[in-house]
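What follows is a set of notes on a single structure, which appears directly below.
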Amino acid sequence: FRQHLSIMRVNKLRGFQALCGAQNIRKAESIACHKAQSWWRNVRFQRDRAEDERIMKRMLIENSAATMIQSCFRGYREFVSYVIKSFSVIQIQANIRCFLAKCLLKRLKQGQEMMVKNAAASAIQSCFRGYSDFVRFLMK
């Protein structure tokens with residue numbers, strides 16, 4: 001009976017050890033599974049990070065290119081605006097100078113006419129005064 005009892009105890013112990021071994025195997029499998037999942041997540045993270053870095057570099061290049069294009073377009077637009085304004089200012093200045101030149105010419109012509117008229121009037125007055133002095137001299 002004792003031997004049977006000790007055999008049962010040994011069998012129970014072996015069963016327990018087997019159960020513990022199975023649990024350890026499950027634990028080991030679980031740990032291995034977690035490690036594999038962790039490794040795979042790390043690999044995916046590294047890939048995603050590398051992809052994100054490539055995307056960020058590309059976005060940075062595209063943004064800098066867009067900024068350069070916008071800057072060039074704004075410069076061109078300002079240049080066109082400057083040319084139009086400059087042309088308008090030059091045309092206005094030319095029209096004003098033309099008007100002032102015509103006014104000056106008109107004044108000079110009027111001044112010459114006045115000088116001619118004044119010279120004629122002075123000559124007539126001089127002749128008349130000379131005649132009136134001559135007449136007074138004769139009448140005396």
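The values are calculated or read from the model by the stated rules, or taken from the named source; none is laboratory data. These numbers were taken from a predicted model, which means no experiment stands behind them. Note that each Cβ is placed from the backbone with ideal geometry, even for glycine, and that neighbours are counted across all protein chains shown. Remember, those area values only see protein heavy atoms, side chains included, never the ligands or the DNA or RNA. Shrake-Rupley method; radii C 1.70, N 1.55, O 1.52, S 1.80 Å.
For the reader, a short list of remarks on this structure follows.
- Estimated D of segment 51-140 in µm² per second, where Rh is the Kirkwood radius over Cα pairs and Stokes-Einstein applies at 10 °C, 1.306 mPa s: 76
- Within-11-Å neighbourhood charge of MET56 [Cβ basis; K, R +1; D, E -1]: 0
- Here PHE79 sits with roughly 120 square angstrom of accessible surface, probe radius 1.4 Å.
- Counting Lys and Arg as +1 and Asp and Glu as -1 over every other residue whose Cβ lies under 12 Å from the Cβ of GLN91, the net charge comes to +2.
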